[in-house]
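Taking it in order: structure first as structure tokens, then the write-up.
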Amino acid sequence: MIDGLHILHGVHFDVAASGVTALLGRNGAGKTTTAKAIMGLVPRTGSLLFDGAELVGLPTHLVVRQGIGYAPEDRGIFAGLSVAENLRLAERDAEPAYDLVHELFPELRRRSRQLAGTLSGGQQQMVAIGRTLLNRNRLIIADEPTKGLAPKIVSEVADVLARAAERVPVLLVEQNLALVRRLAGLCAVLADGRTVHQGDTAELLADEDASRRLLGVGSRRTPAADPVSTEPTVPSVSSLPAAPSAKADQAAVGGGPDGSSVTEVTSR
């Protein structure tokens, strides 16, 4: 609920126990609100279970301690702090995985003393994702991590997300369908705060009619050599009004090491 309005009227989808699951939909469909609701950043009613633990009512910092890493749409960096200080604030584990973060983002080591507010957009995104990788999270939520980035940086971010997904399930909110095609095995599509589709990503994007009806775009492949290029030829989700949808009452968001869903969300 935001400003007294119920944005999510019922969603239902699963995040695979490994790899990347994409959360898709036109602008205003409720994707970012869903991510924020999981993290406790907006008021919510109903039930949100993560590995059997109820998260509704928990403040955000306790949600994070359950093992959920979050890279928000606006990156959420502290502009007046250095890169190293931004990373240090995210430490939860006794031995944070700095070796992994610096392996994936060597530039962060080189710029450790630089104020985060002076970084480029791509570098700030590295900080945002790096913070989620410092700890042994059981789920990472990445909200539009390639938004506004140059094609070269998009490709680097895609590589990092692929590496991260080898270790922990990733819920990816993304408009760049070329990136989604490359990374996500499964997807869910929201419209008007409800789930209208869930299933195999490749099958959805190969279906021209379904892609246009649910996302407002064709599913053609980009002719560029780079599969995650953000040049204008790359299809992205339309900002047209969301398509009509059927009602759904419950959502499962998350995955466990045994392949089972570990997060359930019920919105009323």
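Here are some notes:
- Segment 102-123, residues that are over 19 Å from ALA164 (Cα atoms) and more than 23 Å from the chain's Cα centre (by Cα): ARG110, ARG111, SER112, ARG113, GLN114, LEU115, THR118
- Meets criteria (in contact with a Phe, Trp or Tyr (Cβ under 9 Å, 6 or more places away or on another chain), within 22 Å of ALA191 (Cβ to Cβ), of a type in the set (S, T, N, Q) and not in a loop (DSSP other than H, G, I, E, B)) for THR33: no
- For segment 31-48, a residue qualifies if it is at positive phi and modelled with pLDDT of 90 or more, and exactly one does: GLY40.
- Of all residues in segment 1-25 being out of contact with any strand residue (DSSP E or B) (no Cβ under 7 Å at 6 or more places or on another chain) and crowded, with 20+ Cβ neighbours inside 10 Å, the one that is modelled with the lowest pLDDT: ILE7
- Positions within segment 183-215 being in a helix (DSSP H, G or I), open to solvent by 40 Å² or more (accessible area, probe 1.4 Å) and within 22 Å of VAL154 (Cα to Cα), in sequence order: ALA202
- Residue check for ALA79: of a type outside the set (Lys, Arg), within 28 Å of GLY40 (Cα to Cα) and touching a Ser or Thr at 6+ places or on another chain (Cβ under 6 Å): no
- Just so you know, in segment 205-230 the residues that are at pLDDT below 90 and within 20 Å of the chain's Cα centre (by Cα) include one that is farthest from GLY148 (Cα to Cα), and it is PRO227.
- Subset of segment 52-71 (residues that are over 26 Å from LEU87 (Cβ atoms) and touching a residue at least 24 places away in the same chain (Cβ under 8 Å)): GLY52
- Residue pairs whose Cβ atoms lie under 8 Å apart, separated by 6 or more positions or on different chains, with the first residue in segment 72-88 and within 14 Å of SER112 (Cβ to Cβ) and the second among the hydroxyl-bearing types (Ser, Thr, Tyr) and not in a loop (DSSP other than H, G, I, E, B), are LEU87/TYR98.
- Within segment 141-156, the residues that satisfy the criterion of being of a type in the set (A, V, I, L, M) and either closer than 24 Å to GLU203 by Cα or touching a His at 6+ places or on another chain (Cβ under 6 Å) (or both) are ILE141, ALA142, VAL154.
The values are calculated or read from the model by the stated rules, or taken from the named source; none is laboratory data. Keep in mind it's a predicted model, so treat the numbers as computed, not measured. All Cβ positions, glycine included, derive from the backbone under ideal geometry; neighbour counts span all protein chains shown. Note: accessible area is taken over every heavy atom of the protein model, side chains too, but ligands, DNA and RNA are not part of it. Shrake-Rupley method; radii C 1.70, N 1.55, O 1.52, S 1.80 Å.
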